[in-house]
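Contents: one structure, followed by commentary.
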RNA sequence: GGAGGGGUGGGUGAGUGGUUAAUACCAACAGACUGUAAAUCUGUCGCCUGGAAAGGCUACGUAGGUUCGAAUCCUACCCCCUCCA
């Protein structure tokens, strides 16, 4: 029984374990382990891609282990070694603190706060001198750094690599030494950095940490790993209907991995779902709805999940109007006129949707009009000037609405 | 320090004096189709004014200059890459 649970703990939602046998014996020893998880406070929002690892952390906590959360206030300044702009605006101390707070608020939605210690890199890098830097860097060679795929690819492609970027893995590795990490958690893309941690710990006479590397969750575009910069992410802090809608928009092929990586459903249920997806008789939509409910429940609650589902069914599937809409006062419009003898206002619809913020510019509004993407009270709009009444509902595209008020 | 190459719209990447708000592809958006999504087809894709025709403004690393006219030529500066030392 215990064996089986351990199996699921180390297998489901895990891409790679280094070194598995050592990790198993650590876990079996009954010792409380120090689990390292770092984050970059320049990007404070947690999305489902991060959740994969955080869930794993929380599972370990339930077994009595302790999380050491590292606020990467120094590495954040160097910048994650990817992307082409080398210079990066330095964050002010306040920004870092604010970001860290935002991050932790979301972090503790998943991870148990009671069993977590928060450490800031500046606690040890604050008075790290040049002699320390020299000592640290002398332990590694450029060839070792270039062994990392990110770097070697960029190097071969003739793209810039800042010298400080080579420092990034070393700082991260040093964190492991300071906190005496037993196990480091991270995405599989962190493998290199985490391995450097192992190496440095060994050099410094510590027992090297074990690594638990999570697979990368594919984003809503169905092609790339979920990330903020690609805008294919689902944030845990987003409102229920957003999360629900975004989950429904993932390609069908992703349903399985989302169930596996970001929900708590049992292994048994997981197998069932897998089977249903494999058979032709089940419409994937229903399973995806279930998935969306599970996920919304996790970050909000089941009530919110139900409402989000109703909203989705109504607005997206039945192309109906949602219950509560933002309101916009037509008296703000410059083009407002009253025809003779009528108390119904006439306005320029392109101005209306631009000014109310449904579209980003007047030009875009005109485009939408000419493409037949604007509806008022269920009628497609073809004319620029339209007559409104109070309570008219203006719809742009699939799901942008505004309700007119005086 | 020397020699050479390069910086273009969200991304990749054409364009070497006017026909270029800038080819193409990707992404994105809208419409059709669809009981989710995908796929497919059609269209759009800097900002402002205008019903439209059209006009104006801003934009090709930064700052100046030449020219009737510049992403394209000149000067300076900033940044990146390669090779040599």
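No value in this document is a laboratory result; all are computed from the given coordinates. What you are looking at is a predicted structure, and each value in this text was computed from that prediction instead of being measured. Cβ: placed from backbone, ideal geometry, glycine included. Neighbour counts: every protein chain shown.
Residue-wise test of (1) more than 25 Å from the chain's Cα centre (by Cα); (2) over 22 Å from residue A:181 (Cα atoms); (3) not in a helix (DSSP H, G or I).
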| residue | (1), (2), (3) |
| --- | --- |
| A:111 | no, no, yes |
| A:114 | no, no, no |
| A:124 | yes, no, no |
| A:128 | yes, no, yes |
| A:131 | yes, yes, no |
| A:134 | yes, yes, no |
| A:140 | yes, no, yes |
| A:152 | yes, yes, no |
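Quick one: is residue A:381 within 22 Å of residue A:241 (Cβ to Cβ) and touching a residue at least 24 places away in the same chain (Cβ under 8 Å)?
Here the answer is no, as residue A:381 does not meet what is asked.
Only one of these conditions is not met by residue A:172: (1) in contact (Cβ under 8 Å) with a residue 60 or more places away in the chain; (2) assigned to a helix (DSSP H, G or I); (3) out of contact with any strand residue (DSSP E or B) (no Cβ under 9 Å at 6 or more places or on another chain). Which number is it?
Of the numbered conditions (1) in contact (Cβ under 8 Å) with a residue 60 or more places away in the chain; (2) assigned to a helix (DSSP H, G or I); (3) out of contact with any strand residue (DSSP E or B) (no Cβ under 9 Å at 6 or more places or on another chain), the odd one out for residue A:172 is (3).
Out of everything in the range A:158-190 that is over 19 Å from residue A:132 (Cβ atoms) and out of contact with any helix residue (DSSP H, G or I) (no Cβ under 9 Å at 6 or more places or on another chain), what residue ends up being surrounded by the most Cβ atoms within 10 Å (Cβ to Cβ)?
The qualifying residue surrounded by the most Cβ atoms within 10 Å (Cβ to Cβ) is A:188.
Kindly indicate the residue of the range A:387-400 that is within 12 Å of RNA strand B (Cβ to nearest atom) and in a strand (DSSP E or B) and also farthest from residue A:346 (Cα to Cα) among those meeting that condition.
The residue in question is A:400.
For the condition within 8 Å of RNA strand B (Cβ to nearest atom), surrounded by fewer than 12 Cβ atoms within 10 Å (Cβ to Cβ) and in a loop (DSSP other than H, G, I, E, B), what is the one hit in A:360, A:342?
Among A:360, A:342, only A:360 is within 8 Å of RNA strand B (Cβ to nearest atom), surrounded by fewer than 12 Cβ atoms within 10 Å (Cβ to Cβ) and in a loop (DSSP other than H, G, I, E, B).
Please specify each residue of the range A:154-164 satisfying the condition of being in a loop (DSSP other than H, G, I, E, B) and within 29 Å of the chain's Cα centre (by Cα).
A:157, A:159, A:160, A:161, A:162
Here's the yes/no breakdown for (1) within 8 Å of RNA strand B (Cβ to nearest atom); (2) in a loop (DSSP other than H, G, I, E, B):
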site: A:223; (1), (2): yes, yes
site: A:257; (1), (2): no, no
site: A:260; (1), (2): no, no
site: A:265; (1), (2): no, yes
site: A:271; (1), (2): no, no
site: A:277; (1), (2): no, no
site: A:293; (1), (2): no, no
site: A:309; (1), (2): no, no
site: A:323; (1), (2): no, yes
